[in-house]
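Step one of this worksheet: look at the structure below.
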Amino acid sequence: MKRYLKPAIGLVLACAFVWLIARQIDPAELGRAFAGTDAGWVVAALVAFCGGYACRIARWRAMLARDNPQLAWSDCAGPLLASFAANNVLPFRAGDVLRAFAFNGRLGTTSGTVLATLFVERLLDLLMVLVLFGAALAAFGLDASALAGVGSAMLIALGLAILGVLLFPQSFAPLARWGGRLAARVSPRIGDKLNTEIDRGLATLGHLASGSTMARLVGWSIAAWLFEGCVFWFAALAVPGLAEPLAGWLALPVGTLATLIPSTPGYVGTFDYFTVRAMTALGNGQVVATAYALLVHALLWLPPTLAGGAYLLATRTRIPRESMS
């Protein structure tokens, strides 16, 4: 029952946010808001999307290079897109499990290393979103608490905490090793396997925290999120009824932070509701902001789902059973 509690809560919240949006929208008006959408700007948004994912793939390759220096960008592209596709359609963060266990033979790495890279990837992305949120709030003269329910001091403290974890990961080694010892008491076989992966993961985290490596990862992260910001901006330019297309730069961090709220795969409802709030906060109408939220959501969800799904079908990838034991 505990396993299904979070998805159930996510489904309830998703339905609630969808209702909050739908109760204020006339479907006929929503259809008119979509009318005249500029295909050229939609194509530009798709190009920016591809640029962002190219940077994400390059960042992940840089993380894995310690284990396999011969690893090519193309070797990492399929597994990364496949993991995003799985997360977009399956519950329980299935894509993360897939990336951690299903591709190690092709990548020449281990599950412990991949899990460490996922951890660093999430922290870097959260840090970039917080930076973009702060920059957007300053540029538009808004108060953080009005949109996110937290003050600027909380955002700064969270950003500093993330930096501390990224730069000093070994401070968490005792806790990780304690978890490994606890698992060994329950099952020595699983404990030995887990402790080996913990050691590899900690070694990877230590390597990634080094100055030159972390600088490259931050550089790729900045590029990836600037491309993603262009996706939001170009999508706003594609919707003719938006009075303030630059609000897309505020919608990016607000909508992304909303994905931390439990929801369905693909963040239905949560992403859209808070994206609409960000757009209307800068003077855009409710209906046209909703049309924009649906458009940008489709631009972010559909390409990786199709590309990653095609890769999974072409390679017939499955999670090895021994990785789940």
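The values are calculated or read from the model by the stated rules, or taken from the named source; none is laboratory data. As the structure is a computational prediction, the values presented were derived from the model and not from experiment. Cβ placement follows ideal geometry from the backbone for every residue including glycine, while neighbour counts extend to all protein chains displayed.
Residues in the range 278-287 that are in a helix (DSSP H, G or I), touching a residue at least 12 places away in the same chain (Cβ under 8 Å) and surrounded by fewer than 24 Cβ atoms within 10 Å (Cβ to Cβ): Ala281, Gln286, Val287.
Determine whether the range 93-106 contains at least one residue that is surrounded by 21 or more Cβ atoms within 10 Å (Cβ to Cβ), under 23 Å from Tyr267 (Cβ atoms) and either touching a strand residue (DSSP E or B) at 6+ places or on another chain (Cβ under 9 Å) or not small (Gly, Ala, Ser) (or both). Yes, the range 93-106 contains at least one residue that is surrounded by 21 or more Cβ atoms within 10 Å (Cβ to Cβ), under 23 Å from Tyr267 (Cβ atoms) and either touching a strand residue (DSSP E or B) at 6+ places or on another chain (Cβ under 9 Å) or not small (Gly, Ala, Ser) (or both).
Conditions tested, residue by residue: (1) of a type in the set (Val, Ile, Thr); (2) more than 25 Å from Leu158 (Cβ to Cβ); (3) in contact with a Leu (Cβ under 8 Å, 6 or more places away or on another chain).
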| site | (1), (2), (3) |
| --- | --- |
| Phe84 | no, no, no |
| Val89 | yes, yes, no |
| Ala94 | no, yes, no |
| Val97 | yes, yes, no |
| Ala100 | no, yes, yes |
| Arg122 | no, no, no |
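Among the residues examined, Thr317 qualifies as of a type in the set (S, T, N, Q), closer than 30 Å to Thr113 by Cα, part of a loop (DSSP other than H, G, I, E, B) and out of contact with any Gly (no Cβ under 6 Å at 6 or more places or on another chain). Pairs are defined by a Cβ separation below 8 Å, a sequence spacing of at least 6 or placement on different chains, a first member in the range 166-193 that is touching a residue at least 60 places away in the same chain (Cβ under 8 Å), and a second member that is surrounded by 12 or more Cβ atoms within 10 Å (Cβ to Cβ); the pairs so defined are Ile190/Ala183; Ile190/Ala184.
For the range 86-128, filtered to residues that are more than 16 Å from Leu208 (Cβ to Cβ) and basic (Lys, Arg), the residue that is farthest from the chain's Cα centre (by Cα) is Arg106.
Taking the conditions (1) in contact (Cβ under 8 Å) with a residue 12 or more places away in the chain; (2) out of contact with any helix residue (DSSP H, G or I) (no Cβ under 8 Å at 6 or more places or on another chain); (3) of a type in the set (Gly, Ala, Ser) in turn, Ser83 satisfies each one other than (2).
Quick one: would you say Arg93 is under 15 Å from Thr259 (Cα atoms) and either touching a helix residue (DSSP H, G or I) at 6+ places or on another chain (Cβ under 8 Å) or charged (D, E, K, R) (or both)?
yes
When we screen Ile261, Ile222, Ile198 for residues that are part of a helix (DSSP H, G or I), within 15 Å of the chain's Cα centre (by Cα) and of a type in the set (A, V, I, L, M), the only hit is Ile222. The set of residues in the range 46-84 that are in a helix (DSSP H, G or I), closer than 19 Å to Met214 by Cβ and either under 14 Å from the mean Cα position of the chain (by Cα) or of a type outside the set (A, V, I, L, M, F, W, C) (or both) comprises Cys55, Arg56, Ile57, Arg59, Trp60, Arg61.
Taking the stated definitions as given, is Thr213 in contact with a Phe, Trp or Tyr (Cβ under 6 Å, 6 or more places away or on another chain) and among the hydroxyl-bearing types (Ser, Thr, Tyr)? No: the conditions fail for Thr213.
Arg122 meets all of the listed conditions (1) surrounded by 21 or more Cβ atoms within 10 Å (Cβ to Cβ); (2) under 28 Å from Gly229 (Cβ atoms) but one, namely (1). Checked against the criterion of being surrounded by fewer than 24 Cβ atoms within 10 Å (Cβ to Cβ), of a type in the set (S, T, N, Q), at pLDDT 95 or above and in a helix (DSSP H, G or I), the candidates Thr305, Thr275, Thr290 yield just one match: Thr305. Residue check: Leu142 meets all listed conditions (1) touching a residue at least 60 places away in the same chain (Cβ under 8 Å); (2) assigned to a helix (DSSP H, G or I) but one, namely (2). The set of residues from the range 58-76 being of a type outside the set (Asp, Glu) and touching a Leu at 6+ places or on another chain (Cβ under 9 Å) comprises Arg59, Trp60, Arg61, Ala62, Met63, Leu64, Ala65, Arg66, Asn68, Leu71, Cys76.
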